[in-house]
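The values are calculated or read from the model by the stated rules, or taken from the named source; none is laboratory data. Since the model is a prediction, treat every value here as computed from it, not as a measurement. With ideal geometry, Cβ positions are generated from the backbone for all residues, glycine too; neighbour counts draw on all protein chains shown.
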Amino acid sequence: MSINKTSKLDLLINQLDLTEHIEQFKSFFSRQSSLYIEGDQELHYRYIKALDNVEFKAPPKVADFYDIKGHLKKRGVLNFGQMFEIVKVVRYFRYFKNRELEGIIGEWMSKFEVHEKFQTIEKYFTSEGKFEENLDETLFGLSARIKEHKNNMSSSMKRMMSSSKLAGYLVDTQIHYINDEECLLVRGGFNHVLKGAVIGRSSGGFFYVSPDSILKSKEQIRYIEQEREAIFYTYAKEFSATLSEIQPFIAYIDKEFTKFDNYQARVLFARSKNLQLVKSKNDSKIILNSFTHPALHKPKPVDVDFSKNILMITGVNAGGKTMLLKSILSAAFMAKYIIPMSLNENKSHIGSFKAVLSIIDDPQNVKNDISTFAGRMQEFSKIFEYKSALVGIDEIELGTDSDEAAALFKVILDDLIKRGQKVVVTTHHKRLAALMADRDDVELMAAIYDEEQRVPTYEFMQGIIGKSYAFETASRYGISNAIVNEAKSVYGDNSEKLSLLIERGSQLERELKQKHKKIDDRLEELRLKELDLREQKEILIKEIDDKKSELKKSYALAIDEAKTAARAGDTKAIHRAMSKANEKLPKEIKETIPNNYVFKIGDFIKYRNNKGSIVSIKDKKEALIEVGGMRLRVKTKDLKPTKNIYVKPQTNVKVNVDKKSGLKCDLHGMRAEEAEETLDKFLSDALLNGWDEVIVYHGIGTGKLSYAVKNFLKAHPKVKKFEDAPQHFGGFGAKIVTL
């Protein structure tokens, strides 16, 4: 990014009051970088959101590789500090790769393969960046000698301080450091008992003396250090030559780390302040929900729908119009650069713009001999150079006659819209607002004033032109009531009436907004209750299904016991097993019959699962009913009234028990429907009596009855198989059925 572009960007950041926010964001970078990420923004955003789902430690601070790559390109020698910058990047990428993450982050990290030649260099650096001298025998020996000399120096100084000969000359028993030399503070005449060099004098006239033994040891250490430096330089030349051979690898990790650094800085900054990561969409619509400008302390969240070409903000002085304009431009700017911000990301929508431009400050400058209006015209002339830009203009009519400016700026705004610009305007003058208000591409918005408290609310209402409340603002800031009242008189009745109409419109809109909020709160409350009820219903349905499944299993076991008893011919055991099975079934919820309902002879009723009619009634508590050809005496409380029913006459079914051939069912002469009903009852009785095999006679005839019987047996859930009977049992005219 060029210096000119950088200065323009810094100016915009300053105008939008984003300087502190951006500086805090930049502090999360591992290395200095521009705000804009080069390349496909959609792809960058995918990586940022994927990284946001991963817990990771921040990368170390890393220097830029520009000088490092320049030295290697010229076959220069890098120092160990420069080499360690490369090592830090490689080790951080290895840390991420070893975590074996899934998704696009894992795929990205799997591409990093450390060059074999670099691994031989990396092992010589500790985690703090120090050279591993233990890997070189000579260096290890030299370090041991230096350590030995230092120990000797320390021991020598201690012996001198405890010497009885020197005790009379010592001013104190401390080791002093003068010009990086270890010294003793002694009185005059010390040369009789101490040989050394005077390093300095104290304010009290005493001498700082470095003993000869210490000076000799330090000289020895300097010689050893020179040997070590020579060895270090040999390693540096060797390592630099190796790094020159793998320049493509270094360039690759440098580029990828810069990209990763941009991602991690955004993720960690957003986490630190509970901000949202939002990217601009491919349109020009701006919808902000619960947006808060980072420069404000305890701000009121901003909600604004800026889907049209022009947003015109009017209303009370010091009511937040300028900050609303800055908020809209700031949101667009931060979305363009994917800088974390505070808003409801699910309900917000921020379009994409090639440039974000602002005309906010008063351009008047005495040195340049330029007026406010002339300066504004200069700034407007620059805007026409852009296309598809978002433009914010604060106090559009600043510096000249409002009526003339209204006509001029109407035409200017029209031209800007034709060029694809999107414009936010604040103004106190209603002339321009009135000229633009009836257009479909203009959105009006007004700052709201609290009449009771006589203060701005810092809230906004869309769709209206707001009053400036100049007189009220003047009173609030100390102008006397007498001056304000006289100003109102000069202002005139007609103008006051217009202001009252505007004020009344604002009040009605505010009341409507409050009602809408109550309705929205109520709807949200009902929605949450509905979700809760659905959840409870799902839980109950699951409990019921589990209980049904449990009961069915228990009932099936009891039925099997009944079948076993039936095969054994034990009637009592059958009844006990059936009763036990029925007890396992869930009880039916009986419908309550009104207390005043009176049953009469002939009424059609429902008794359990059967329908019939009342034959006679005794004491209104008992009734003789006819159900399915049988007569039963039951209690009237167990009956339910029902509509008129058709009771089919009972068909005589020939069922014979034959020890040799088993049960038989004769269907000769019946219609298909009648035969199916008879056969269904016959099979139920057979199952109840525990028979596993029965024979059904249907005859040959036209084949219709035979066809109906086959289809019925195929569909019956308890029929295992069936086949034509042997010739001596009827052949094709009968079926042997296995249950």
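Do we find a residue being β-branched (V, I, T), crowded, with 21+ Cβ neighbours inside 10 Å, at pLDDT below 90 and part of a loop (DSSP other than H, G, I, E, B) anywhere in segment 366-379?
Checked segment 366-379: no residue is β-branched (V, I, T), crowded, with 21+ Cβ neighbours inside 10 Å, at pLDDT below 90 and part of a loop (DSSP other than H, G, I, E, B).
Go through (1) modelled with pLDDT under 95; (2) under 16 Å from the mean Cα position of the chain (by Cα) and name the single condition N282 misses.
(2)
Yes/no matrix, rows are residues, columns are (1) modelled with pLDDT under 90; (2) surrounded by 12 or more Cβ atoms within 10 Å (Cβ to Cβ); (3) under 30 Å from A251 (Cα atoms):
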residue	(1), (2), (3)
I121	no, yes, yes
F125	no, yes, yes
K158	yes, yes, no
H176	no, yes, no
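Which of the residues belonging to segment 262-276 are in a loop (DSSP other than H, G, I, E, B) and buried (at least 21 other Cβ atoms within 10 Å of the Cβ)?
L275
Go over the candidates V598, V647, V615 one by one and state the one that is part of a loop (DSSP other than H, G, I, E, B) and modelled with pLDDT of 55 or more.
Within the list V598, V647, V615, the selection yields V598.
Restricting to segment 277-312, and then to whatever is farther than 23 Å from Q462 by Cα and of a type in the set (A, V, I, L, M, F, W, C), can you tell me which residue is surrounded by the fewest Cβ atoms within 10 Å (Cβ to Cβ)?
This residue is A295.
Can you find, within segment 193-219, the residue that is surrounded by the fewest Cβ atoms within 10 Å (Cβ to Cβ) among those that are out of contact with any strand residue (DSSP E or B) (no Cβ under 8 Å at 6 or more places or on another chain) and under 17 Å from M161 (Cβ atoms)?
Checking each candidate, the answer is V193.
Looking at the structure I just gave you, is F333 aromatic (F, W, Y), in a strand (DSSP E or B) and assigned by TED's automatic domain parsing to the domain that holds I359?
Working: aromatic (F, W, Y): yes; in a strand (DSSP E or B): no; assigned by TED's automatic domain parsing to the domain that holds I359: yes.
No; evaluated as a whole, the condition is false for this residue.
Within the bounds of segment 675-693, is there any residue that is at pLDDT 85 or above, in a strand (DSSP E or B) and surrounded by 11 or more Cβ atoms within 10 Å (Cβ to Cβ)?
yes
Scan segment 53-70 and tell me whether some residue there is farther than 23 Å from R271 by Cβ, surrounded by 19 or more Cβ atoms within 10 Å (Cβ to Cβ) and touching a strand residue (DSSP E or B) at 6+ places or on another chain (Cβ under 8 Å).
no
As an exercise: evaluate V657 against (1) under 26 Å from T702 (Cα atoms); (2) modelled with pLDDT under 85; (3) in a strand (DSSP E or B) and give the number of the one condition it does not meet.
Just one mismatch for V657, condition (1).
Can you go through K321, K298 and tell me which one is touching a strand residue (DSSP E or B) at 6+ places or on another chain (Cβ under 6 Å) and of a type in the set (K, R)?
Answer to the check: K321.
Go over the candidates K537, K584, K590 one by one and state the one that is of a type in the set (K, R) and either modelled with pLDDT of 65 or more or within 46 Å of the chain's Cα centre (by Cα) (or both).
After applying the criteria, what remains is K537.
If you go through segment 74-107 one residue at a time, how many are part of a helix (DSSP H, G or I) and either exposed (fewer than 15 other Cβ atoms within 10 Å of the Cβ) or without any contact (Cβ under 8 Å) to a residue 60 or more places away in the chain (or both)? Reasoning before the result, please.
First, the residues of segment 74-107 that are part of a helix (DSSP H, G or I): 80-98, 103-107.
From what's left, either exposed (fewer than 15 other Cβ atoms within 10 Å of the Cβ) or without any contact (Cβ under 8 Å) to a residue 60 or more places away in the chain (or both): 81-82, 84-85, 87-88, 91, 94-98, 103-107.
Qualifying residue count for the region: 17.
Note down all Cβ pairs under 8 Å where the first residue falls in segment 699-724 and is closer than 13 Å to L667 by Cα, the second is among the polar types (S, T, N, Q), and they're at least six residues apart or on different chains.
G699/S706; I700/S706
Any residue in segment 5-18 that is more than 30 Å from A230 (Cβ to Cβ), over 26 Å from the mean Cα position of the chain (by Cα) and among the small types (G, A, S)?
Within segment 5-18 (the criterion being more than 30 Å from A230 (Cβ to Cβ), over 26 Å from the mean Cα position of the chain (by Cα) and among the small types (G, A, S)), the answer is yes, since at least one residue qualifies.
Of (1) exposed (fewer than 13 other Cβ atoms within 10 Å of the Cβ); (2) farther than 28 Å from K195 by Cβ; (3) polar (S, T, N, Q), S143 satisfies all except one. Which?
(1)
Can you list the strands (runs of 3 or more DSSP E) found entirely within segment 168-243 that contain at least 1 residues being hydroxyl-bearing (S, T, Y)? Steps first, please.
Working: elements: 176-178, 181-186, 196-201, 207-211.
Result: 176-178, 207-211.
Is one or more of the residues making up segment 625-636 assigned to a loop (DSSP other than H, G, I, E, B), at pLDDT 80 or above, touching a strand residue (DSSP E or B) at 6+ places or on another chain (Cβ under 9 Å) and more than 30 Å from L551 (Cα to Cα)?
Taking every residue of segment 625-636 in turn, none turns out to be assigned to a loop (DSSP other than H, G, I, E, B), at pLDDT 80 or above, touching a strand residue (DSSP E or B) at 6+ places or on another chain (Cβ under 9 Å) and more than 30 Å from L551 (Cα to Cα).
Take S7 and decide whether it is among the small types (G, A, S) and exposed (fewer than 12 other Cβ atoms within 10 Å of the Cβ).
Taking the combined requirement at face value, the residue satisfies it.
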